[in-house]
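**Student:** First the structure, then my questions, so here it is.
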Amino acid sequence: MWAVSVQTVPMAELETTPIDAETEAALTLFNEYVDADRERTRREKQVQKAERAKDEAAARVRKTNEGGSAEERNAAEAAYREAQEALKAIREGREPEQREPADHTEPADDTEPADHTEPADDTEPADEEE
C-alpha cells in the first residue's frame, strides 16, 4: 500500500493554479490505481464473506446428517448449494443472485398456538343457573 501525504490547498488557490498535462496524467493514473485498489479490497471482502457462508452451510449439513429430519437435511443442502453458487459467481467477477433463504422453517414455539385463538374450555361450572 502506498503512503501518501496530502496537503490541503484552499479552493480559491486551487482554481488559479494551472496543472500541466504531465501532472494531470499522473493524478489520473493515481486515481485509477486508488479506485482499482478499493475494488480489489471490496471483492476480497465479498469472497471472504461468501466463504464463511459456505463453511457455515457445510457445518449445518454435517450437523443435520448426524441427527436431523429429512426436511432439515434438504434445507441445509439447498443452503449449501446456494452458498457454493454465490461463491463461484463472486470469484468469477459476477454478482451472485439474491434469493430468499432456503430455510423457511421457524423454531418450534410451544408457548402460544399458531392461530392465536384461545383454547376451548370444556369444563362448565357445576352451579350455573339456566
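**Student:** Answer yes if at least one residue in the range 59-67 is of a type in the set (D, E, K, R), within 18 Å of the chain's Cα centre (by Cα) and surrounded by 10 or more Cβ atoms within 10 Å (Cβ to Cβ), and no otherwise. So that I can check it myself, show each step before the final result.
**Tutor:** Going residue by residue through the range 59-67, those that are of a type in the set (D, E, K, R) are 60, 62-63, 66.
Still in the list and also within 18 Å of the chain's Cα centre (by Cα): 60.
Retained after the next criterion (residues that are surrounded by 10 or more Cβ atoms within 10 Å (Cβ to Cβ)): 60.
Yes, the range 59-67 contains a residue that is of a type in the set (D, E, K, R), within 18 Å of the chain's Cα centre (by Cα) and surrounded by 10 or more Cβ atoms within 10 Å (Cβ to Cβ).
Listed here are the residues, each with its yes/no results for (1) among the acidic types (Asp, Glu); (2) modelled with pLDDT of 85 or more.
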{"residue": "Glu71", "(1), (2)": "yes, yes"}
{"residue": "Ile90", "(1), (2)": "no, yes"}
{"residue": "Glu95", "(1), (2)": "yes, no"}
{"residue": "Glu100", "(1), (2)": "yes, no"}
{"residue": "Asp103", "(1), (2)": "yes, no"}
{"residue": "Glu106", "(1), (2)": "yes, no"}
{"residue": "Asp110", "(1), (2)": "yes, no"}
{"residue": "Ala114", "(1), (2)": "no, no"}
{"residue": "Pro119", "(1), (2)": "no, no"}
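**Student:** State which residue pairs qualify: first residue closer than 15 Å to Arg42 by Cβ and without any contact (Cβ under 8 Å) to a residue 24 or more places away in the chain and inside the range 84-97, second residue surrounded by 13 or more Cβ atoms within 10 Å (Cβ to Cβ) and among the hydrophobic types (A, V, I, L, M, F, W, C) in any location, beta carbons under 7 Å apart, and separation of 6 or more residues or different chains.
**Tutor:** Glu95/Ala89
The values are calculated or read from the model by the stated rules, or taken from the named source; none is laboratory data. Keep in mind that what you see is a predicted model, and the values were worked out from it rather than measured. Cβ atoms come from the backbone with ideal geometry, glycine included; neighbour counts cover every protein chain shown.
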